[in-house]
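The values are calculated or read from the model by the stated rules, or taken from the named source; none is laboratory data. Since the structure is predicted, the reported quantities are computational estimates derived from the model, not experimental observations. Please note: Cβ atoms are built from the backbone with ideal geometry, for glycine as well, and neighbour counts cover all protein chains shown. Keep in mind that these areas ignore ligands, DNA and RNA; they rest on the heavy atoms of the full protein, side chains included. Shrake-Rupley method; radii C 1.70, N 1.55, O 1.52, S 1.80 Å.
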Amino acid sequence: MKDDVLDTEELAAKLLVFLRDTYPAALTERYKIDAAPDAPGWELLEACARKRGFLMARGEVNCERMAAVLLDEFRGGRLGRISLERP
């Protein structure tokens, strides 16, 4: 699916929630964040962006860049063997 069709930040936030709930070790290992069980996806995306140093002017977090990196790493298999399907 093309990135132009979906909002990448929203998609990345949902992916982070899925990773937090299903593959927490992959999330902690790759992005070095401690994800609270009730943290919303946008908060996780912002935490990952801060850890990676994706900051813009005046200390604003570049969530768009982090979303693109997260989706690229997921598609490239850098997060490990992850299945989105359930039996």
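Answer yes or no as to whether Ala35 is under 13 Å from the mean Cα position of the chain (by Cα), within 21 Å of Arg81 (Cα to Cα), buried (at least 17 other Cβ atoms within 10 Å of the Cβ) and modelled with pLDDT under 95.
yes
Looking only at segment 65-77, which residues are modelled with pLDDT of 95 or more and either among the basic types (Lys, Arg) or open to solvent by 90 Å² or more (accessible area, probe 1.4 Å) (or both)?
Result: Arg65, single match.
Go through segment 40-67 and give me each residue that's within 13 Å of Ala13 (Cβ to Cβ), in a helix (DSSP H, G or I) and out of contact with any strand residue (DSSP E or B) (no Cβ under 8 Å at 6 or more places or on another chain).
If the condition is that a residue be within 13 Å of Ala13 (Cβ to Cβ), in a helix (DSSP H, G or I) and out of contact with any strand residue (DSSP E or B) (no Cβ under 8 Å at 6 or more places or on another chain), then Gly41, Trp42, Glu43, Leu44, Leu45, Ala47, Cys48, Cys63, Glu64, Met66, Ala67 are the ones that fit.
Based on what the data block shows, is Gly80 in contact (Cβ under 8 Å) with a residue 40 or more places away in the chain, surrounded by fewer than 16 Cβ atoms within 10 Å (Cβ to Cβ) and over 18 Å from Thr8 (Cβ atoms)?
Yes: the conditions hold for Gly80.
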